[in-house]
Structures are given as structure tokens and as C-alpha cells.
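Values in this text are rule-based calculations from the coordinates and carry no lab data. Everything quoted here is computed from the prediction, not taken from an experiment. Don't worry about glycine lacking a Cβ; one is built from the backbone with ideal geometry, like all the others, and counts go over all protein chains shown.
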Amino acid sequence: MRIIAQPRAIAVAAFTAIATALLGTSLAQTPEEKGLQIVVEADRRDLGWGDWTAQMKMVLANQHGDTSERQLRMQSLENPDPKDGDKTMIVFDHPRDVKGTALLTYTHILTPDDQWLFLPALKRVKRISSSNKSGSFMGSEFAYEDFSSQEVAKYTYKWLRDEACGDLPCFVVERYPQYENSGYSRQIVWIDQAEYRVQRVDFYDRKDSLLKKLTMSDYRRYLDKYWRAHDLFMVNEQTGKSTRLTWEDYAFGTGLQERDFTTESLKRAR
């Protein structure tokens, strides 16, 4: 959201080489170099998970506090190609009016992500236009682009400062989308210094006004290595609306394959 998706493979070999060099020295390090070093290390710690599935609850709240709830499931396949991104699928199970709606995402680096939405009422798969990735996903405060894996090379970076985020010392890094049609001019990310987990993200719109704030908490570790946030809370600072995602039943190494992430499998996801 990764977010959401949560980080994957380092996008290009050049990034790895740069980061390795930076890790060996702290002399004359620019804010841009330090920012890149931090995110590459965060990415490195989350390599090799292969595939995972999880259950998700989505709670939408308007500015008056009225809420509605949805039940979803998500699955993701790690792409071994360092020049490309992961594949994910999200399926709605409840309530009845959205049951069977499914989103398939092929994340890329600098070229537009491929995304398809299956609408059971119409019994057809709709391709999401690259110019519409900043739009709201199913009425939530998360955009379509928030559900793409956050590949390192999709952004440039700048370290701003170190400061506390809650009880944790954190790096504060600004990142600037390099991919086409992002709805954000920039994002400010808080990453804890002990485990390199994203704790908070502030999103700025194309006019460079603060748009949304995402808080990630309730981290749990899987396979003694992979940290996953079980609570993601997105607040729209301009409208007062919010969306909370809570995750359960993470499972890794479930045997998912490429054939589970096609437009045909999207139709069968119910």
C-alpha cells in the first residue's frame, strides 16, 4: 500500500550497485544518496517471500463518522525478474453488492502498471486506464496506484531528517514518483531504523497540497523474516473521510503460480 503493497525486489541492478557502495561509506553522502540507501535496505530485507495470501477487512468512514464494511482477500506473487514488479489480486467477498468484484495488478517500474477490474454485475473485465490510476478504489481513500507494489525504481528519494515516530526512531525520506500519471507530486515516508518498516506515509496531490495520511501499525513477523502491518489507516486530510484495512490469516508459500494471475482467473476468483 508495499503498501500496500509492501516492498519487493530491487528494480534494477544499478540501484543495487549504488546502494552497496553507499553502505560502505558515510563520507560526503548527499541527502539523495542517503534516501536511496535507506529504501534499498528496506527492500533488501523483504526479498524472497515467493507468494502470499491474506484476508482483509475494509472499513470506510465518511466525515460524519458513518461507516460501511467490506470483506476481501488478497494474494500476491513475487516477480523474480528484477526489472519488473509483482502481481497481485484482490477479491471482494462481502457485502453482496460488491461480491465477486476483483482487481488484478501487474506492477511495472517506469511504464504504466497493468490493472484490470472484474465487475460481476456486467460479467466483464474492464481495463483500468493508465490515466485513472489516481482514482478512488471502490469508494475507498486508497487509489488504484496504492495497490501496486512500491518498487524502488518507481521513485527518486531524498533523506530529510531522523526523528521519532511514536516510540521508534525513524528515518524520514521524501520520494518523488517517476512513473506516468501518478496522482501524487511527492510522498513523505517514515521508516523505523531498527527493522526498516514503513510506519507512516503523507501523500501530496498534484498541486503539492497534503492529501492523505497513512499510518501502518500492528506489525507481525512471518517466517522469522518478513514483517507485515496488520492495520493500515488512511485519512483524507481534504475531505475528512477515512479507510481502515485490517489484515489476518497471512500465509506464505501457498503454491501460487502465473496462471493464478490472469484475466481469466480474475473471472473465476469468486
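Ranked highest first by average number of other Cβ atoms within 10 Å, how do 43-49, 199-205 line up?
199-205, 43-49
Could you line up Thr101, Thr263, Thr88 from fewest to most neighbouring Cβ atoms inside 10 Å? Present the calculation step by step, with values, prior to reporting the outcome.
Details: Thr101 20, Thr263 13, Thr88 24.
With the sparsest Cβ surroundings first, the list reads Thr263, Thr101, Thr88.
For a protection proxy built on the mean count of beta-carbon atoms within 10 angstrom, sort 117-123, 239-245, 163-169 highest first, please.
Result, highest mean Cβ count within 10 Å first: 239-245, 117-123, 163-169.
Could you give the nm distance between label points at Glu237 and Thr67, where each point is 7 Å from its Cα heading toward the beta carbon?
Placing both labels 7 Å along Cα→Cβ, they lie 2.4 nm apart.
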